Amino acid sequence: MEQTPRSSGKRKAAAFNASIPGGGGGGGKRRMEAPAPEERDWTSLHQDITRLIAERLLEEDVTEYMVFRAVCTHWRSSTPSPRDPTLADRRFHPRGWVALCEGTGVRPVDAEVITFFHASTGRVRRVHLWELQGQRIVGFTDGLILLLDTGTAIVRVLHPFTRVIVRLPHLTGFFHRVLSKQAWFKMDSFVWLNAAVCVASSTSIAVVVWFPNMPVVICAKPSSKDWVILHINIQFTNTLPFSGRLYGVTQVGRQLVQVYPLRKHADAVVAEVPKDLGNPRSCHYYLVELMGAMLVAVLHKISSESFNSITLFKVDLCRQELSRVTSLGDRTLFLSHDRCLSVPAKDLPSITSNCIYFAMPKACKPVTVHSLKDGSFETLSSSCQENDKLMAMTPTFVKPYTLADHLLTYCHHREWTRGLMFHEFHFIPACWTKLRKRIAVQDSEVVVPRPRGSVEKLERLEIHDLSRFAGSNYGIGTRSRLTS
């Protein structure tokens, strides 16, 4: 038998090539081709799973939910639209978003742009809002923007991401029938009115409005014909929209009050700050939401020299009790009489955890940081006015700004609305004439037109003797059993 010759290197190469798919040569065993990866059709995801994923994203942020729905038609049809025309569903409110100040002296309503910052995730979104034209921003609630029309005095609520707008009744009737007839009325108090969004029902919101240095609180719904007075002879030092309701704290009585809705057959006072903190007239009270709980922060004096202590209380609304809080963990508070803020400091640069940033009353350098760990107070020397107020007719904007500067400015509404950073412009020198003139022009933009037809009496307004409360310390309300 003829012996088969031993294979050469060249033969082995030919056999190797034959084993490659598409390789030359016909000898050798062909290797099996690897199967292509299976393509998954995510658009045909089961509706229950789609809803579950969407709910998880909605708990984190409404913008993530909107991005998820934009992927395909199936996902969009399997989940409810975030464009709630009533804005009553709090799930779709842009909670956690903070409106940053540009710090250039240009108002957001003039630029028609607002930069939003998500305190938990650190995301930033710059939103162009043509709806701000001719408006004045009077408040924020859960990321919703409250607007006052400068020409018609109509109040609107704007969702900055879905662009849904809910219109409330105009303030023309209330202004001419009530406010303008008071001897102590000042237009500045109306221009700088405060407003908050509350949930009236599952299908409607309510807007509550109160005024600086005016002992009156009013509210209205989108379906209302006019505004109704909730409280008179009462003034709040600080307020907090919480769980669809509005709470306020009075300075005279150290009382935490449920402002809206009115509590039927119950006292409006839900808690009282302990008396051992000193004279309530010498204390400053702040309400802030912290991880689903309501806190009361009290700035008070231990000695008679200056404010040197901050005491925190957690509010138990069911038991109507206050319990002391000694630590914030990795959270940080920003306090102001306009609005307060709680942020996680773990992943935010320049923010110190377990601290409180606030403005020290009647101080040249008011930006102060209080550490709950060691009880220290530190003044931040971040103002530029010392070098500019005597040398320049116009202010100098010193950049870059820290994140703490932005968050503290957000808590001070006047500076934020004007496009100015609080740490630089909490005090405006007289020599800055151009800036002062521009601010005066901006404040005079609000025009309240005369109501058409005859001026009728406003329903449920029993405040013909309201002028006798002017200049007094408000602590007793006609509809709220408050004690002074």
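The values are calculated or read from the model by the stated rules, or taken from the named source; none is laboratory data. Every value quoted in this text rests on a predicted model; they were computed, and no experiment measured them. Ideal geometry is used to build each Cβ from the backbone, glycine not excepted, and the neighbour counts take in all protein chains shown. Side chains are part of the model used for accessible areas, which takes the heavy atoms of the whole protein and leaves out ligands, DNA and RNA. Shrake-Rupley method; radii C 1.70, N 1.55, O 1.52, S 1.80 Å.
Structure data summary
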read-out: Residues satisfying the stated conditions in the stretch 418-434, i.e. more than 25 Å from residue 347 (Cβ to Cβ) and modelled with pLDDT of 90 or more; value: 418, 419, 420
read-out: The stretch 166-183, residues that are loosely packed, with under 15 Cβ neighbours inside 10 Å and more than 23 Å from the chain's Cα centre (by Cα); value: 180, 181, 183
read-out: Test set (1) surrounded by fewer than 16 Cβ atoms within 10 Å (Cβ to Cβ); (2) on the phi > 0 side of the Ramachandran plot - residue 276 fails condition number; value: (2)
read-out: Any strands (runs of 3 or more DSSP E) falling wholly within the stretch 201-295 and containing at least 2 residues that are over 27 Å from residue 147 (Cα atoms) and of a type in the set (Asp, Glu); value: none
read-out: Test: residue 339 is over 15 Å from residue 422 (Cβ atoms), open to solvent by less than 60 Å² (accessible area, probe 1.4 Å) and charged (D, E, K, R); value: no
read-out: Subset of the stretch 216-237 [within 19 Å of residue 280 (Cα to Cα) and either surrounded by 23 or more Cβ atoms within 10 Å (Cβ to Cβ) or among the hydrophobic types (A, V, I, L, M, F, W, C) (or both)]; value: 234, 235, 236
read-out: Strands (runs of 3 or more DSSP E) lying entirely in the stretch 61-153 (those with 1 or more residues that are within 19 Å of the chain's Cα centre (by Cα), surrounded by fewer than 18 Cβ atoms within 10 Å (Cβ to Cβ) and free of Cβ contacts under 8 Å to residues at least 40 places away in the same chain); value: 113-118, 124-128
read-out: All positions within the stretch 256-291 that are out of contact with any Phe, Trp or Tyr (no Cβ under 8 Å at 6 or more places or on another chain) and among the aromatic types (Phe, Trp, Tyr); value: 260, 285
read-out: Subset of the stretch 285-325 [of a type in the set (Asp, Glu), farther than 21 Å from residue 95 by Cα and at pLDDT 90 or above]; value: 316, 321
read-out: Cross-chain or 6+ apart pairs with Cβ under 6 Å, the stretch 186-202 first and without any contact (Cβ under 8 Å) to a residue 60 or more places away in the chain, then of a type in the set (Phe, Trp, Tyr); value: 189/211; 193/211
read-out: In the stretch 252-270, the residues that are over 11 Å from residue 230 (Cβ atoms), touching a residue at least 40 places away in the same chain (Cβ under 8 Å) and not hydrophobic (A, V, I, L, M, F, W, C); value: 253, 255, 267
read-out: Which numbered condition residue 309 misses (of (1) surrounded by 18 or more Cβ atoms within 10 Å (Cβ to Cβ); (2) closer than 21 Å to residue 362 by Cα; (3) touching a residue at least 24 places away in the same chain (Cβ under 8 Å)); value: (1)
read-out: Selection count, the stretch 178-200, where residues are part of a loop (DSSP other than H, G, I, E, B) and among the polar types (S, T, N, Q); value: 1
read-out: Unique match (being aliphatic (A, V, I, L, M) and touching a Lys or Arg at 6+ places or on another chain (Cβ under 7 Å)) among 127, 113, 98; value: 113
read-out: In the stretch 285-302, the residues that are open to solvent by less than 40 Å² (accessible area, probe 1.4 Å) and in contact (Cβ under 8 Å) with a residue 24 or more places away in the chain; value: 285, 286, 287, 288, 290, 294, 295, 296, 297, 298, 299
read-out: Among (1) modelled with pLDDT of 90 or more; (2) acidic (Asp, Glu); (3) exposed (fewer than 11 other Cβ atoms within 10 Å of the Cβ), the one test that residue 415 misses; value: (3)
read-out: Top-ranked residue of the stretch 343-358 - restricted to ones that are at pLDDT 90 or above and open to solvent by 20 Å² or more (accessible area, probe 1.4 Å), ranked as nearest to residue 328 (Cα to Cα); value: 354
read-out: Residue that is modelled with the lowest pLDDT, among those in the stretch 395-412 that are of a type in the set (Val, Ile, Thr) and surrounded by fewer than 20 Cβ atoms within 10 Å (Cβ to Cβ); value: 396
read-out: Of the criteria (1) closer than 30 Å to residue 396 by Cβ; (2) at pLDDT 95 or above; (3) among the β-branched types (Val, Ile, Thr); (4) open to solvent by less than 10 Å² (accessible area, probe 1.4 Å), which one residue 191 fails; value: (2)
read-out: Test set (1) closer than 14 Å to residue 288 by Cβ; (2) among the aromatic types (Phe, Trp, Tyr); (3) in contact with a helix residue (DSSP H, G or I) (Cβ under 9 Å, 6 or more places away or on another chain) - residue 307 fails condition number; value: (1)
read-out: Residue check, residue 362 assigned to a loop (DSSP other than H, G, I, E, B), under 25 Å from residue 428 (Cα atoms) and of a type outside the set (Gly, Ala, Ser); value: yes
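For every residue, the table says whether it meets (1) farther than 21 Å from residue 409 by Cα; (2) of a type in the set (D, E, K, R).
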site: 302; (1), (2): yes, no
site: 308; (1), (2): yes, no
site: 313; (1), (2): yes, no
site: 322; (1), (2): yes, no
site: 331; (1), (2): no, yes
site: 342; (1), (2): no, no
site: 345; (1), (2): no, no
